[in-house]
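Chemist: The following block contains the structure, expressed as structure tokens.
We did not get these values from a lab; they are worked out from the coordinates using the rules stated. Computed from a prediction, not measured in an experiment: that's the story for all the values here. Neighbour counts are summed over all protein chains in view; Cβ atoms, including those assigned to glycine, are modelled from backbone coordinates with ideal geometry.
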Amino acid sequence: MKKISLLLYLLLASAITLQAQVDSVASKGELTISGYVDAYYQYNFNKPASGLNQGRIFDTPHNSFSLGLVQTVFTYTRDRLSVVADLTFGPNADLGNFGNEGTSRIIKQAYISYDVSEKVNFTIGQFGTHIGYELIDAPLNYNYSLSYLFGNGPFYHTGAKLDFALSEKVGLMIGVLNGWDGLQDFNDKKSVAAQISFAPVEGLGIYLNWIGGDEYNTESNFGDSEGSYTSLFDLTTSYQATPSFLVGLNAAYGSFKTGADSPSAFDPWSKDATWSGAALYANYAINDGFGLGVRGEYFSDPDGVRYFGPIEVTAVTVTGNITLADGRFLVKPELRLDSTKENFFEDSDGNGKKSQATLGAAFIYSF
């Protein structure tokens, strides 16, 4: 009887010790590592003399095997706290994180997030923008090449925000930011951001987004006149109509109110200006291993206050999606045709053209 009691005591003591060790490990939180690598080849039928595809955001080289981006994301969670360090390297990282300087250029996101309650979350640091349908992360976009709307909106922000779950179908975000695309603040003004989201029926998500503030500085695309004001309204929606078919819509309207004393014919930032556009998406999974996605888009910047100068463009992109290695390896063949009213594109002699057609493929592996 004493031996049995001693055995039960030892088993109980072992269980208590084991549980204490488990609790200790759990109390230290959990660290996960993820990321991806993408590479691509692109051929421009215009054979541009510069060797570059005009109007593109990341996939600019013509007739070249190119590295896109290498990403590593460290995520630490403990109780209500999450810390994310999203680090990127490569040509697309330099382009996507262009507002950061020096070694900070590798930071795509770095933020602390805390669940104040079950319905309120607080985030502070550098994080991806709430504006737009598409993302810098290639695995999360159906089309590999990015839209004009993506390229002419912000990529990321540094600041603080609060997310509220108002109900199971309605959410709200408000934030105070340094501005567009920069780790530091380029002036002493802050921008305000907001988002309201709806999920009225299963499979449908609707996001109404806005950002506004005085973005003047001598290093950005918003002029150097103090007292200016930049505002961007954005609508993003997606609807999973069937398990195989998804449709999406992105539309945006931006405006710039100048702080300059008088307009100048040589300075687009010396007068009020607007830009706008829309993109429609349709993706269809033919089977578990292959699907097709089509994006049609229109973008207009008549005053040339965004990246590409005065432009009015339409584009159609058709992308295949071949899924391998349990979904971790994606092969995306893609055909794209862009057309403008101006001679915006380039031919082999360096002359202007009104259209540009490209054919290529992207290879993306996620871990």
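Chemist: Given charges of +1 on the Cβ of Lys and Arg and -1 on the Cβ of Asp and Glu, with all other atoms neutral, how large is the dipole of segment 63-156 about its Cα centre, in debye to the nearest 20?
Modeler: Dipole about the Cα centre, nearest 20: 80 debye.
Chemist: Points 7 angstrom from Cα along the Cβ direction at Leu359 and Ile196: gap in nanometres?
Modeler: Here the answer is 4.8 nm between the modelled labels.
Chemist: What's the exposure ranking of Glu101, Glu215, Glu202, going from fewest to most Cβ atoms within 10 Å? Don't skip to the answer; put the middle values down first.
Modeler: Working: Glu101 12, Glu215 25, Glu202 7.
Placing the least packed residue first, the sequence is Glu202, Glu101, Glu215.
Chemist: Provide the gained length on full extension for the span Ile174 to Glu101, in nm with one decimal, where the gain is 0.36 nm per separating residue minus the Cα-Cα distance. Could you put the intermediate results ahead of the total?
Modeler: Working: separation 73, 0.36 × 73 = 26.28 nm, distance 2.70 nm.
Computed gain between Ile174 and Glu101 is 23.6 nm.
Chemist: To continue, here is another question. With just the Cα atoms defining each centre, how far is segment 270-321 from segment 191-206? Give it in Å.
Modeler: 21
Chemist: Round to the nearest 10 and give me the degree value, 0 to 90, for the angle of helix 2-27's Cα axis relative to the longest principal axis of the chain.
Modeler: 20
Chemist: Turning to a different aspect of this structure: Hey, rough spin-label estimate for Asp303 and Lys28, points 7 angstrom out along Cα→Cβ, what's it come to in nanometres?
Modeler: 5.7
Chemist: Over the chain, with a Gaussian network built from C-alpha contacts below 10 Å, which listed residue (Val176, Val201, Val120) shows the highest mean-square fluctuation?
Modeler: Of Val176, Val201, Val120, the most mobile in the Gaussian network model is Val201.
Chemist: Report the full-extension gain for the segment Tyr284 to Trp210: residue separation times 0.36 nm, less the Cα-Cα distance, to one decimal in nm. List each step's numbers first, then the result.
Modeler: Values: separation 74, 0.36 × 74 = 26.64 nm, distance 3.01 nm.
Taking Tyr284 through Trp210 to full extension adds about 23.6 nm, to one decimal.
Chemist: OK, next. If you look at just the Cα atoms of segment 30-366, how large are its Rg and its Dmax in Å?
Modeler: Over segment 30-366's Cα set, Rg and Dmax evaluate to 20.2, 62 Å.
Chemist: Pop a pseudo-label 7 angstrom from the Cα along the beta-carbon direction at both Arg328 and Gln240 and give the gap in nm to one decimal.
Modeler: 2.3
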